[in-house]
Amino acid sequence: MPTTPPAFTGLSAFPLTPADEAGRVDTDALQRLLSRIVEAKTNSIGLLGSTGTYMYLSREERRRAVEAAVECVGGRLPLIVGVGTLRTDDAVALARDAAAAGAQALLLAPVSYTPLTEEEAFRHFEAVAAATDLPLSIYNNPSTTHFSFSEALIERLAGLANVSAVKMPLPKGGDFSGEIARLRAATPADFAIGYSGDWECPHALLAGSDCWYSVVAGLFPKPSLALTSAAISGNVEETTRLDTSFHPLWQLFKTHGSLRVVYAAANLMGITKAQPPRPVLPLGSEAVRDIEAAISLLKD
């Protein structure tokens, strides 16, 4: 019987992809971030997700990032690579690049300018899933793509070869248990259901989700892993205690957007001097002071 790919279970840490103003990836800084994650022994690494600013990088730079990651990680953790882009043929090429470089799994968002129909999204995923033998996760991220997957579409996509997981946004009303139950009933037994939206993901794990796709784990993998372990074990008291130290950071994520916050935090930690890709602007001094106070509570 097939089993859920390990890349899509537990804690998946999503680091920044530091780059200069021209969009050239700083592979040394990227490998510093990755080394921290490998040392912490999270369950997987999510390279070139939204936190990794995949849509701001050329195909060449995305390839360089994957190659640098594979070199650094050395197979010690599963490496999930985001391959979202506007055109289907380009997404197919990115998927093949990632596979050739040594990735273990793929993550695909239905990036679009013209709003997609469900049939168009299905055909897009069908083509990319067939381009390699790697397991692929559906990236349901309507806040950036402006496309929201219906449960019926997820069910249909889960029937495709290699489509093995879904990365879900936080459900309206916070009903994780109900949404997870519906998705489990509609998808194969080995299909993994995970969530992003860091401030609520511990609750998703307590409700029985398979994976936390985590922004904060890209910078603070050790405390994030402790929080994940407590939630997966069903220890509500310990989950609540550990989650409390993250609350100031969660509030800053909600106020400023997690991307801006983690860039500022990475700068404060001396990991990189890279700034967000323009037109995204770095945060001002008052926000940076708040971020410095928030990250001082996290023991990494």
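The values are calculated or read from the model by the stated rules, or taken from the named source; none is laboratory data. The structure displayed is predicted, hence computed values, not measured ones. Please note: Cβ atoms are built from the backbone with ideal geometry, for glycine as well, and neighbour counts cover all protein chains shown. Ligands, DNA and RNA are stripped out before the accessible areas are found, and what is left, the full protein with its side chains, is counted by its heavy atoms. Shrake-Rupley method; radii C 1.70, N 1.55, O 1.52, S 1.80 Å.
Listed values, structure above:
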| quantity | calculated |
| --- | --- |
| List Trp212, Trp199, ordered by accessible area with a 1.4 Å probe, largest first | Trp199, Trp212 |
| Descending Cα extents along the principal axes, the stretch 6-234, whole Å | 43, 40, 29 |
| Number of Lys pairs (Cα under 16 Å; 8 or more positions apart or on different chains) in the chain | 4 |
| At R0 = 35 Å, FRET efficiency that the Cβ-Cβ distance of Glu238 and Phe122 yields, to 0.05 | 0.25 |
| 18 Å reach of a label modelled at Lys254, 7 Å along Cα-to-Cβ, counting backbone N of the stretch 140-176 | 143, 169-176 |
| Nearest-0.05 FRET efficiency for Thr88 and Leu268, computed from C-beta distance (R0 45 Å) | 0.70 |
| Sequence-distant residues sharing a close amide H with Ala165 (under 5 Å, placed H) | Leu136, Ile138, Ala192 |
| Per-residue HN-Hα couplings for the stretch 202-213 [Karplus 6.51, -1.76, 1.60; θ = phi - 60°; Hz; x = Gly/Pro] | x, 5, 5, 5, 4, 7, x, 5, 8, 8, 10, 8 |
| For the stretch 132-281, Kirkwood radius (reciprocal of mean inverse C-alpha pair distance, Å) | 16.7 |
| Most fluctuating residue given options Asn141, Asn162, Asn267, as computed from a GNM of the chain linking Cα atoms under 10 Å | Asn267 |
| At 1.306 mPa s and 10 °C, Stokes diffusion of the stretch 210-255 via Kirkwood alpha-carbon radius, µm² per second | 145 |
| Calculated FRET efficiency for the pair His146/Ser177, C-beta based, R₀ 30 Å, to 0.05 | 0.65 |
| Whole-angstrom gap from the stretch 67-145 to the stretch 219-236, using each part's C-alpha centre | 27 |
| Mean separation of Cα contacts under 8 Å (6+ apart) over length of the stretch 6-234, as relative contact order % | 23 |
| Choice from Ser12, Ser285, Ser148 showing the highest fluctuation, given a GNM over the chain with Cα pairs closer than 10 Å | Ser285 |
| Approximate spin-label separation Asp28-Leu281, in nm, with each point projected 7 Å along Cα-to-Cβ | 3.0 |
| Top of Ala91, Ala181, Ala99 by mean-square fluctuation, Gaussian network on the chain, Cα under 10 Å | Ala181 |
| Kirkwood-type radius of the stretch 234-277, with distances r between different C-alpha atoms, in Å | 11.9 |
| With every protein chain in place, the chain: carbon and sulfur % of accessible area (1.4 Å) | 52 |
